[in-house]
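The values are calculated or read from the model by the stated rules, or taken from the named source; none is laboratory data. Remember, it's a predicted structure, so these values are computed and weren't measured experimentally. Neighbour counts are summed over all protein chains in view; Cβ atoms, including those assigned to glycine, are modelled from backbone coordinates with ideal geometry.
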């Protein structure tokens, strides 16, 4: 009887001590891991904020138009080199400087359809953008609403907004701010845009210019 009473308490005392030590160690490991994860996440959050709030500048994923980029467009640009190349086509619409076309457009670039009086090729695109679009809407802004990439083909949906200071679509200058949407399908090869098929909502622009 005396032997049993002496040995029985021994396992009961050791088990709580071991479980307490193990539980305490687990809590320390969990807390340390949580602190490391939190500290690691902080720089990423700061970097993301810097990227999305800096508009009109050169970002890690390419040029950002002053008109802005949708969240979806930013995500695509961050991962697609062909999308970043195609984005450069819109830069002269805001900057009024078409020299970037020497770098991103192929020599025999095809624009479909050509605007009235527009010459084919890269030089024809330069003159069309500067003489027909920028001269008419000197404060033009381009917002990229969406970008879709399939191989070497990139589709853009964008919105143009600007003040009409010259005749456009047969309508005299209204000095009104108008907006119209467009969809462009760009085909790229060897780092250059070789063809663009585009469709603009010029009827919507016409209605804004001619409203009473």
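Test residue 175 against the criterion of being surrounded by fewer than 14 Cβ atoms within 10 Å (Cβ to Cβ) and over 16 Å from residue 69 (Cα atoms), and give yes or no. Yes: the conditions hold for residue 175.
Report yes if residue 114 is touching a helix residue (DSSP H, G or I) at 6+ places or on another chain (Cβ under 8 Å), at pLDDT 95 or above and surrounded by fewer than 15 Cβ atoms within 10 Å (Cβ to Cβ), otherwise no. Yes, satisfied. Within the range 134-169, the only residue that satisfies the criterion of being surrounded by fewer than 17 Cβ atoms within 10 Å (Cβ to Cβ), closer than 16 Å to residue 202 by Cα and in contact with a helix residue (DSSP H, G or I) (Cβ under 8 Å, 6 or more places away or on another chain) is 169. Taking residues in the range 100-120 that are not assigned by TED's automatic domain parsing to the domain that holds residue 130, and partners anywhere that are in a loop (DSSP other than H, G, I, E, B), not one pair has Cβ atoms closer than 9 Å while being at least 6 places apart or on different chains. Residue check: is residue 154 in contact with a strand residue (DSSP E or B) (Cβ under 9 Å, 6 or more places away or on another chain), touching a residue at least 12 places away in the same chain (Cβ under 8 Å) and not in a helix (DSSP H, G or I)? Yes: the conditions hold for residue 154.
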